[in-house]
Amino acid sequence: MADDKKISRAKASPPQIRQAYENLSRFYKLVEVFEGSLRRRGLKLLAVKDGEKVLEIGFATGSAFVEIAAAVGKKGRACGIEITPQMIELTQKRLQKAGLEPRVSLCEGDARRMPYSDRQFNAVYICGTLELFDTPDIPVVLAEIRRVLKKGGRLVVSSLSRHEKEKSFFIRSYDWLHRRFPRYLNCRTIYPADAVKKAGFSISQTEPFKVASVAPYEIVLATK
């Protein structure tokens, strides 16, 4: 089991993260290009079915959220929670263009205190977001996900991962930059599978994944 002391603390506060992503929102579609293969693999593992109710946490400009909304069909529901108003606005425009607005619900909020009732979602998707939360907050977010998931519900987490890469040049360099410029490099590398398991989920599958052939991610599929 990974030692939490090996994980850098998240030094950027939620308001600072919100401001950083407000600034990034105009250019975020460039980030989507690099994360496209990661998004596709995560959504394939999530395997959204027609008629399901699915939540995405930290949907950014909505590239994955639009796919989720299409997959749930007319009888399903796609919900999303995001802290950045500009990202919500961009996602709304994307949904309007795709004609998917009637089956979605977006809200501005904090994943540590989600405005959803217990056991209402069939699946939850969170990509590139869990690692933004400070170490003590990660189990809080995962507990909230567990609360809103139905029994047997599915969770896919895709996060920057330190697993078996602690001494790599990328991890050492990335952590150094994160410690010195936390407002600009506010994500940091974590142990996604360990965190999900500690939160009481049953791990079904884990996959290492490299973005742009450099950044090490881990995709975790789990069930409640």
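Every number in this text was worked out from the coordinates using simple rules, so none of it is lab data. All figures in this text were calculated on a predicted structure; none of them were measured in a lab. Virtual Cβ from ideal backbone geometry, glycine too; neighbours counted across all protein chains shown.
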* Which residue, chosen from Leu45, Gln205, Val220, occupies the Cα position most advanced towards the positive end of the dipole of the stretch 4-223, where the dipole is computed from +1 (Lys, Arg) and -1 (Asp, Glu) charges on Cβ about the Cα centre? -> Gln205
* **Reachable lysines from Lys165, criterion Cα separation under 18 angstrom, eight or more residues apart if same chain** => Lys5, Lys6, Lys210
* Structure fact -> The helix 169-180 Cα axis meets the longest alpha-carbon principal axis of the chain at an angle in degrees, between 0 and 90 and rounded to 10, of 80 degrees
* Structure fact -> Which of Cys187, Cys107, Cys127 fluctuates most in a GNM of the chain (C-alpha springs under 10 Å)? That residue is Cys107
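Output the pairs from Lys53/Lys198; Lys53/Lys97; Lys44/Lys197; Lys167/Lys198; Lys93/Lys198; Lys75/Lys151 with a Cα-Cα distance over 32 Å in this structure; if there are none, say none.
Lys93/Lys198
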* Structure fact -> Plugging the Cβ-Cβ distance of Lys167 and Ala143 into 1/(1 + (r/R0)^6) at R0 = 25 Å yields, to the nearest 0.05, a FRET efficiency of 0.20
* Within the chain, percent of DSSP bridges classed antiparallel, to nearest 5 -> 45 percent
* **Residues whose placed amide H lies under 5 Å from that of Ser204, excluding near-sequence neighbours** => Leu221, Ala222, Thr223
* Structure fact -> With Cα coordinates, the longest principal axis of the chain makes an angle with the long axis of helix 85-98, in degrees rounded to 10, of 40 degrees
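Please compute the net charge surrounding Ala98, taking Lys and Arg as +1 and Asp and Glu as -1 over other residues with Cβ under 14 Å from its Cβ.
+3
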* To do: For the stretch 4-223, restrict the atom set to alpha-carbon positions and state the Rg and Dmax in Å.
  => 16.2, 48
* Structure fact -> With -39,500 (n - 2.57) per DSSP H segment of 4 or more residues and division by the full residue count of the chain, the 222 nm estimate, nearest 500 deg cm²/dmol, is -11500 deg cm²/dmol
